Amino acid sequence: FTGNGQAPYFQQTVNNKIEITLDDKTHNLIGTIQIKYTNNSPDELTIIYMHLWPNAYKNTETAFAKQQVRTGSTGFYFAEASRLGRISKLNFAVNGKEVKFESDPKHEDIGIVHLNAPLKSGETITITTPFEVKIPNSFSRLGRVGQSYQMTQWYPKPAVYDRNGWHPMPYL
């Protein structure tokens, strides 16, 4: 008797091509991303969760803002709106065709791309979108002090999908 209680290991393949410009007067990134996403899982996918982590700096309702307060750091919570950040101007397409896109109802820094057709095991799609990031003042790993930029988690990217399913998580 032999058996395996777990699905076999796999890892999705994600390759990005990003064209970006930094406007150091307005502290904005303006660009486009092309994501080649290969489904190496045994499952058909009908959605792709996207991390939009610059939106963690959008307002005081995000998981990041609440975490800052819980840990005793109130600088972000009481910051002026001009010091906050966000990602905007998203317009997702898959293989050149517009798709439905929505924000996760609980977390503005997670998005959901609804595929027009299921992505079967072994298939590859190309996801594209323009985007603009307003770089926040430095409250954490993404930010700026004057014209000194600390850039991390600044572009839209797919969440992890593994044998346990999707792992969409807010930026903390």
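Some points to look at:
- Whichever residue in region 40-55 is assigned to a helix (DSSP H, G or I) and in contact with a Leu (Cβ under 8 Å, 6 or more places away or on another chain) and, among such residues, is least open to solvent (accessible area, probe 1.4 Å): 54
- In region 57-104, residue farthest from the chain's Cα centre (by Cα) [restricted to those that are closer than 20 Å to residue 26 by Cβ and open to solvent by less than 50 Å² (accessible area, probe 1.4 Å)]: 79
- Considering only residues in region 4-25 that are open to solvent by 70 Å² or more (accessible area, probe 1.4 Å) and more than 21 Å from the chain's Cα centre (by Cα), the one that is farthest from residue 170 (Cα to Cα) turns out to be 4.
- Verdict on residue 25 being under 25 Å from residue 162 (Cα atoms), at pLDDT 95 or above and among the charged types (D, E, K, R): no
- Whichever residue in region 146-167 is among the hydrophobic types (A, V, I, L, M, F, W, C) and in contact with a strand residue (DSSP E or B) (Cβ under 7 Å, 6 or more places away or on another chain) and, among such residues, is least open to solvent (accessible area, probe 1.4 Å): 159
This table checks each residue for (1) closer than 21 Å to residue 154 by Cβ; (2) outside any loop (DSSP other than H, G, I, E, B); (3) at pLDDT 95 or above; (4) among the charged types (D, E, K, R).
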| site | (1), (2), (3), (4) |
| --- | --- |
| 74 | no, no, no, no |
| 90 | yes, no, yes, no |
| 101 | yes, yes, yes, no |
| 111 | yes, yes, yes, no |
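- Neighbours by Cβ (under 7 Å, 6+ apart or cross-chain): first from region 53-82, under 20 Å from residue 112 (Cβ atoms); second among the acidic types (Asp, Glu): 53/109; 55/108; 55/109; 56/109; 58/108; 62/108; 62/109
- Restricting region 105-125 to residues that are of a type outside the set (A, V, I, L, M, F, W, C) and open to solvent by less than 30 Å² (accessible area, probe 1.4 Å), the residue that is nearest to residue 56 (Cα to Cα): 109
- For region 5-39, taking the residues that are part of a strand (DSSP E or B) and among the hydrophobic types (A, V, I, L, M, F, W, C), the one that is farthest from residue 120 (Cα to Cα) is identified as 22.
The values are calculated or read from the model by the stated rules, or taken from the named source; none is laboratory data. This is a predicted model, so every value here is computed, not measured. Backbone-built Cβ (ideal geometry, glycine too); neighbour counts: all protein chains shown. Note: accessible area is taken over every heavy atom of the protein model, side chains too, but ligands, DNA and RNA are not part of it. Shrake-Rupley method; radii C 1.70, N 1.55, O 1.52, S 1.80 Å.
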